[in-house]
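Heads up: the structure comes next, in structure tokens.
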Amino acid sequence: MNSNDARWRDVREILDRGRKSTGHFGIASVDSAGIPNITPVGTVFFRNDCTGFYFDQYTSALARNLDTNPHLCLMSVDRGSLFWFRSLLRGRFVAAPGVRLYGTAGARRLASEAELEQVQRRVRPMRLLKGGRLLWSDFTHVRDIDFSSARLVRYPVMMSHLCQEESVSFIDRDAPGSATQPPPTGNKRIATP
């Protein structure tokens, strides 16, 4: 495993802790007038190549904003009581409490069978309840996300012993045109900014 894969793996661990403790991610977008909006989305999935996708359902403001401006920020914070209690008791975090991912969303498209299977596995326990069946039975469309960089949620006085690197870029800065757009899916390298 190279250092780029290790960095993305570390980011994914923070994302997974955040989803498990809150059930969703916050996705920030901006409308055509520059007004920000944050949408909680529980159906975000990550791939191994610094990309992901989410099910574009119940996200009307987010969808409108991304159709105008595809740039977004996804935030995940570990809100687990035990994580915070242990960290506050020790006076230091054993791991970063959260991360922000910056990226660009693609156009809305039909979900693949594999993507539909992933979401069904995630929501299966909730679909045993009437509200779960009402909310999570009609998934059809997704949007892909290319992540270009990440920033840790930082509390410096409790994180000085952790990695000092605040930002990580998923763009190969030596590639032509990389300053303005991420490389194609599947060929990204993590590099320090």
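The values are calculated or read from the model by the stated rules, or taken from the named source; none is laboratory data. Here the structure is a predicted model, which is why all the values come from computation and not from measurement. Using ideal geometry, Cβ is built from the backbone for each residue, glycine included, and neighbour counts are taken over all protein chains shown. Accessible surface is based on the protein model in full, side chains and every heavy atom, while ligands, DNA and RNA are left aside. Shrake-Rupley method; radii C 1.70, N 1.55, O 1.52, S 1.80 Å.
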Checklist entry - When Arg122 is evaluated against the numbered criteria (1) over 15 Å from Cys50 (Cα atoms); (2) open to solvent by less than 80 Å² (accessible area, probe 1.4 Å); (3) at pLDDT below 85, which criterion, by number, is the only one it fails? => result (3)
Next on the checklist: So, in the stretch 1-52, exactly how many residues are touching a helix residue (DSSP H, G or I) at 6+ places or on another chain (Cβ under 8 Å), of a type in the set (A, V, I, L, M, F, W, C) and exposed (fewer than 14 other Cβ atoms within 10 Å of the Cβ)?
Outcome noted: 1
Item to check | Unique match (being at pLDDT 75 or above and either of a type in the set (D, E, K, R) or open to solvent by 80 Å² or more (accessible area, probe 1.4 Å) (or both)) among Pro156, Pro193 | outcome: Pro156
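In the stretch 70-79, is there at least one residue being surrounded by 14 or more Cβ atoms within 10 Å (Cβ to Cβ), touching a residue at least 60 places away in the same chain (Cβ under 8 Å) and assigned to a loop (DSSP other than H, G, I, E, B)?
First, pick out the residues of the stretch 70-79 that are surrounded by 14 or more Cβ atoms within 10 Å (Cβ to Cβ): 70-79.
Now narrow it down to the ones that are touching a residue at least 60 places away in the same chain (Cβ under 8 Å): 72, 74-79.
Those left that are additionally assigned to a loop (DSSP other than H, G, I, E, B): 78-79.
For the stretch 70-79, residues surrounded by 14 or more Cβ atoms within 10 Å (Cβ to Cβ), touching a residue at least 60 places away in the same chain (Cβ under 8 Å) and assigned to a loop (DSSP other than H, G, I, E, B): present.
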